[in-house]
């Protein structure tokens, strides 16, 4: 492992090993340029001397072209042009020497300065961006199995382990023109950009790769740990694993460019805002609807008593708590989307949706109980009790997913009985009197407590 020597305000380390192969056909190069720090990783292919020649020529050409280009050109164009010239250099070398036919190379290049990071790649050498302990970006492989992943035919892990995982659809040296993916990314202090060949990502799971690359305290330690882990696993499996190369750059400040939300992200934010608003209003309406009338006795100062104010004083704390919880939900979702964790954001939304559905079911049961306690004795009431009991039995297992235990469903002032048992008492089917109404109120009180506990999670 070597430290990347640079005058730019970035920290970098690189390591390249032959793995279980006779020759290392990977090449990594870096240089300070007028456009920023340039790091290039290439994985040669073609067998014999061709693979190493292809990767070396590509790295040297890309670095030379970027260095020799004036700053009047946009960095994206500079990098794209440099890769195209490298491709032409390889094509010409093959034309001049037919024995080299079949050689080519992947390319992954990072051009980073104080404004932004420019990423370019063709083939299956990857560039990752990590923030904290998370992956926030990864290039998309140009390979047959990657296409199958996008179509949903294979999972990422199945693609990694597939015998066709090394069949790529783009490379330098294959055709006169090569399509290169170019991406501009903002960054924050402490973010890490990692370039690596398939000898790295193809030999360990993505989860383990992220854990090491993003979770190791120092960038140098991360690089060292990665290559050691891959080599260890490769030799343990027979020692025929591929060449492995990794370069890691850590930022020391925020980029001038600020991250923008995609249209999808903005729509998700708007949807959540609507959900939050509807939820708040709905909960407030339910809360208000469930309040008992306040009876004010006539007195000399009756004019100073405001029933609306009394109701507001009772409802306000609950409303404020609901609003605070909804705000927390919104902030959490916003953070996930800002960090480009769209899958996590969708899961978060689904969880909150499921939680809301459970709360709505509880509200429905509470309303049923409120109606039942006022009903006269008879067949209709008996049927209503049975229906409500059935709903509660169905709901009880779901409540455990939100930390609701049997103790939470116990009524302390009713011989510590579970509310499901209380619903089976004959008193639930009796005519309304002080005793039966008290029985219903005890069950309703437990359910209201459960409801609040779920909302507060």
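The values are calculated or read from the model by the stated rules, or taken from the named source; none is laboratory data. If you're wondering where the values come from, they're calculated on a predicted model, not measured in any experiment. Here the Cβ is made from the backbone with ideal geometry for all residues, glycine too, and neighbour counts use every protein chain on show.
If you check residue 449 against the conditions, is it crowded, with 18+ Cβ neighbours inside 10 Å, modelled with pLDDT of 85 or more and in contact with a helix residue (DSSP H, G or I) (Cβ under 8 Å, 6 or more places away or on another chain)?
No; evaluated as a whole, the condition is false for this residue.
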* Asked: For segment 122-133, what are the residues that are buried (at least 22 other Cβ atoms within 10 Å of the Cβ) and in a loop (DSSP other than H, G, I, E, B)?
  -> 123, 124, 125
* Among the residues of segment 141-183, count how many are in contact (Cβ under 8 Å) with a residue 60 or more places away in the chain and exposed (fewer than 12 other Cβ atoms within 10 Å of the Cβ). => 2
* Could you please find all residues in segment 5-26 being closer than 23 Å to residue 105 by Cα and out of contact with any helix residue (DSSP H, G or I) (no Cβ under 8 Å at 6 or more places or on another chain)? => 16, 18, 21, 22
* Are there any strands (runs of 3 or more DSSP E) wholly within segment 16-117 with 1 or more residues that are more than 26 Å from residue 255 (Cα to Cα) and assigned by TED's automatic domain parsing to the domain that holds residue 220, and if so which? -> 26-33, 36-45
* To do: Considering every residue within segment 216-231, establish whether at least one is within 21 Å of the chain's Cα centre (by Cα) and assigned to a helix (DSSP H, G or I).
  => no
* Could you list all residues from segment 211-228 that are within 15 Å of residue 14 (Cα to Cα) and surrounded by fewer than 17 Cβ atoms within 10 Å (Cβ to Cβ)? => 218, 221, 225, 228
* Exactly one condition in (1) outside any strand (DSSP E or B); (2) closer than 14 Å to residue 19 by Cα; (3) in contact with a helix residue (DSSP H, G or I) (Cβ under 9 Å, 6 or more places away or on another chain) is not met by residue 245; state its number. => (1)
* Asked: Which members of segment 184-198 meet the condition of being crowded, with 16+ Cβ neighbours inside 10 Å and either touching a helix residue (DSSP H, G or I) at 6+ places or on another chain (Cβ under 9 Å) or farther than 14 Å from residue 113 by Cα (or both)?
  -> 192, 194, 195, 196, 197, 198
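Check whether at least one residue in segment 420-434 is touching a residue at least 60 places away in the same chain (Cβ under 8 Å) and touching a helix residue (DSSP H, G or I) at 6+ places or on another chain (Cβ under 9 Å), and report yes or no.
no
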* Residues in segment 426-442: is at least one part of a loop (DSSP other than H, G, I, E, B), surrounded by 14 or more Cβ atoms within 10 Å (Cβ to Cβ) and modelled with pLDDT of 85 or more? -> yes
* Can you name the residue in segment 1-17 that is touching a residue at least 24 places away in the same chain (Cβ under 8 Å) and surrounded by fewer than 17 Cβ atoms within 10 Å (Cβ to Cβ) and is also farthest from the chain's Cα centre (by Cα) among such residues? -> 7
* Structure fact -> Sole miss for residue 258 among (1) at pLDDT 95 or above; (2) closer than 30 Å to residue 7 by Cβ; (3) surrounded by fewer than 21 Cβ atoms within 10 Å (Cβ to Cβ) is condition (1)
* Asked: Can you name the number of the only condition in (1) assigned to a helix (DSSP H, G or I); (2) buried (at least 18 other Cβ atoms within 10 Å of the Cβ) that residue 364 fails?
  -> (2)
* Asked: Within the group 126, 131, 138, which residue is closer than 29 Å to residue 203 by Cα and without any contact (Cβ under 8 Å) to a residue 24 or more places away in the chain?
  -> 138
* To do: Inspect all residues belonging to segment 377-398 and state whether any of them is farther than 15 Å from residue 423 by Cβ, in contact (Cβ under 8 Å) with a residue 40 or more places away in the chain, surrounded by fewer than 17 Cβ atoms within 10 Å (Cβ to Cβ) and under 34 Å from the mean Cα position of the chain (by Cα).
  => yes
